[in-house]
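A.B. asks: Take a look at the following structure, please.
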Amino acid sequence: MAGGWPSDWADRLRGRRCEMCANLGADVRPGGLRIFDGAWSDAYLGRWPVRPGYAYVIWKGRHVVEPTVLTAEEATGFWTEVMHVARAIEGRYRPRKLNYLILGNSIPHLHVHLVPRHDDDVAAGSPLEADAFEKARDQPMSDHDLRAEASVLRSELGRS
């Protein structure tokens with residue numbers, strides 16, 4: 001993919017073989033464990049933490065790439081749920097700053113990465129390093145830690 005968009009990009013934009021659409025509602029995804037099952041979104045604690053407390057929130061309606069395609073009702077519902085999850089992440093991990101990233105350059109399905117930025121952040125005061133997501137794969141959370149943290153966050157999300 002280096003040097004250009006993949007040859008099947010138009011199909012990806014239309015949702016053809018979209019792995020997020022195919023796995024909607026799954027409690028376990030290769031990239032994490034579900035911590036929130038909302039009306040508009042599912043949220044997962046990331047197995048490959050870009051930073052401690054990293055999570056992502058996936059739109060679970062029809063295949064959508066950009067938030068601008070959502071109706072006013074859908075956008076309100078989706079962003080309300082994103083904020084609900086973000087508050088739980090902030091409450092649990094107490095970051096100095098929380099980054100909200102809408103990317104979709106490899107999987108074009110609306111999702112938001114929630115990246116807590118802590119006092120000891122290697123790129124404090126700057127954007128994430130370009131290879132942050134790739135480096136995170138080198139140090140996955142153990143199954144035990146992932147389950148334990150997901151349980152704590154589920155409890156937090158259920159209380160608010």
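Coordinate-derived values only; no laboratory data. Every value quoted in this text rests on a predicted model; they were computed, and no experiment measured them. So basically every Cβ, Gly included, is an ideal-geometry build from the backbone, and we count neighbours across all protein chains shown.
A.B. asks: Rg/Rh for the chain to two decimals, with Rh computed the Kirkwood way over all alpha-carbon pairs.
C.D. replies: That ratio is 0.95, to two decimals.
A.B. asks: Starting from the Cα gyration tensor of the stretch 75-160, take the square roots of the eigenvalues, sort them a ≥ b ≥ c, and report rounded, prolate or oblate (rounded when a/c is under 1.5, otherwise prolate if a/b is larger than b/c, else oblate).
C.D. replies: Rounded shape, in that the Cα axes give a/c under 1.5.
A.B. asks: Restricting attention to the stretch 63-160, which GluC sites (Glu not before Pro) occupy a DSSP loop and are surrounded by at most 14 other Cβ atoms within 10 Å?
C.D. replies: Glu129
A.B. asks: Now, a different point. Quick one: which residues, 5 or more positions from Arg117 or on another chain, have an amide H under 5 Å from its amide H? H modelled 1.01 Å from N in the peptide plane, none for Pro or chain starts.
C.D. replies: Counting only residues 5 or more places away or on other chains, the set is Arg96, Lys97, Leu98, Asn99.
A.B. asks: Could you identify which residue out of Tyr56, Tyr44, Tyr93 has the top mean-square fluctuation in a GNM of the chain using Cα springs shorter than 10 Å?
C.D. replies: Of the options given, Tyr93 has the highest mean-square fluctuation.
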